[in-house]
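Since the structure comes first, as C-alpha cells, the remarks are kept for the end.
Only the coordinates and a few stated rules stand behind these numbers; no lab work does. None of the values given here were measured: they were computed from a predicted structure. We place every Cβ from the backbone using ideal geometry, glycine too, and count neighbours over all the protein chains shown.
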Amino acid sequence: MPPSHPSTGPTDGPTDGPPDGPGERPAGPFAGPSDDGALFGLDELPTQTPAGATGKPRFRDSPEARRMLAVREIHAEPGAAASPRGRQILAAYPEAEVVPVDSHWRIPDLHGNKGNAERWVRVKSTVLVLGEKKTLTVRPNGRSADWIAPGAANGCAMACAYCYVPRRKGYANPITVFTNIERIVSRLRRHVTEQGPKSEPNQCDPAAWVYDIGENNDCSVDALISENTADLIHAFTRWPTAKASFATKFVNPDLLDLDPRGRTRVRFSVMPPDDSRLLDIRTSPVERRIAAAGDFLEAGYEVHFNLSPVVIRPGWEQAWAELLQHMDDVLPRAVKDQAAAEVIMLTHNRDLHDVNMAWHPRAEDALWRPELQQAKRSENGSWNVRYRNADKAEAVGTVRRLVAEHAPWLTIRYAF
C-alpha cells in the first residue's frame, strides 16, 4: 500500500518547473512542520505577509510550493490588485506578468481559449487570477457540512481528472484567489452569531455548526499562495458554536503551525493508489495523506476522511479493501477514535470528458462508462452523468460492507 514507484499517469512535475503532461511523483516522506505559521486576528487582518530575511514569505520557498506553483502570469481585477491581500500576493511573485481584467469570471484568453485544454496542467501551475468575491452567500448543505461558506478561492493547482469545479470555467481552471478576505470573514461571523448554539446533534457534528470553507478549492494548496486559509482557521477558533471544514488531497505541513484548537476539520480524501495515480493529478500520494492524519490531529485539527470518488472499474472492490486495511494498519488509535468518513460515488460531466480527452484521455477509460451511467441534472441546473441507481446503490452497499470488515472504527457520516 500504496507503492512508491513511477506513476502510470500524470502526477507531480519535477521540482524545477511544472509539467505539461505526465510525470513522476516526487519521492520523500511526509515533511515536518515549517517554522512559519501566520495567525491573524479576526478584526485585524494582516497588512504584510510573514517574511524571512529575504523579505519573501518563507513557506513559498518550501519544496511543496516549488513543486506545485511557478507563477508567471497573474490576471487581476483592479480592486483585487490594489487590496492589502492582493498586494501581498503580487509582491510574492515579482517576476510574474500582471494582466488587468474586468472580471475574474470572464477572461477570454484563459477560460474561453479551447487550446488551453491541451495545456491544462501547465496553466494551473503558472497562472493565478485575483478577484473580489461579489456574492457572499452562506448556503445550507446538510451532507458534508451544515453550511457552505462563501469561498476564499475558486479553482485549484492540482488537476484531478474528475473535478467538478472546471465545468463552469471552460478550458482552463487555475486558482482564483479572492482578496477581500475581511468581508468573507465578517459575513461568516454574522452568520455564526445569527445561528446561536446548535440545539440538536446531526450527522454533520453533534455540537457545532459546520461550515465548509473549501467547496470549490483546496485550502491546503491555497495556503501556499496567501494567508486566506490561515485567516479562516484562526477566525473559527474565536467562534465556539461553529467549526470550519475542508477536504484536501494535498499535504501542506505549513498548516500544522496554525493552532486550530479543534475548530477546523480536515477531511483527507483517499482512494486506492492505482486509481489515484491515474486520476489524482499533482496531488500528494494517498499514503502520505494517510500518514499525515496523526500529525494534523496532534496539531489541533479534527481529522476525517473522504472515501472519494469511488470509481467502479474491474477489481475496485479488492482495491478498496486493501486501502481500508492499510488505514487500519497504520493510523494511530487517537485518529481512529475521532475519525468519520464520507463516501462519494463518482459524478462526471460531458464537457469535462471532452476537456480530459485533450490532455489525459487515459483517465476517461475509467471515468466515462456510458454502459453504467445515466444523465442527471445537478442542483445548479447542469447535466451530469452518475452511475445508474441500481449500480450506485449496490456499490454504496459494498463500500459500507468493506468499511465494516476492514475499518470498523470508521463511522460513515453519509454516502452519496
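A few remarks follow.
- When the stretch 58-415 is reduced to its Cα atoms, the Kirkwood hydrodynamic radius in Å: 20.9 Å
- Summarising the amide proton neighbourhood of T347: residues at separation of 5 or more, or on other chains, whose placed amide H is nearer than 5 Å comprise an empty set.
- Over the stretch 172-264, the pair-distance histogram of Cα-Cα distances with 10 Å bins from zero comes to 15, 48, 30, 6, 0 percent, rounded to whole numbers.
- Listed peptides 398-404, 241-247, 198-204 by packing density, highest first (mean Cβ within 10 Å): 241-247, 398-404, 198-204
- Antiparallel content of DSSP bridges confined to the stretch 58-415, in %, to 5: 20 percent
- The stretch 365-411 versus the stretch 75-93: alpha-carbon centroid distance in Å: 41 Å
- Centre-to-centre, using Cα atoms only, the stretch 212-237 and the stretch 247-263 are separated by 9 Å.
- When +1 charges are put on Lys and Arg Cβ atoms and -1 charges on Asp and Glu Cβ atoms, the dipole computed for the stretch 58-415 relative to its Cα centre reaches about 760 debye.
- Sorting 359-370, 214-225, 342-353 by their mean Cβ neighbour count within 10 Å, with the most densely packed peptide first, gives 214-225, 342-353, 359-370.
- Taking a straight line from the alpha carbon of K134, these lysines sit under 30 Å away, with near neighbours fewer than eight places off in the same chain left out: K56, K114, K124, K169, K198, K243, K249, K376.
- The three principal axes of the Cα atoms in the stretch 126-235 give end-to-end lengths of 46, 29, 23 Å, sorted in falling order.
- Highest to lowest packing among 115-125, 281-291, scored as the average C-beta count within 10 Å: 281-291, 115-125
- Residues R189 and N389, FRET efficiency given R0 of 30 Å [Cβ-Cβ distance, rounded to 0.05]: 0.15
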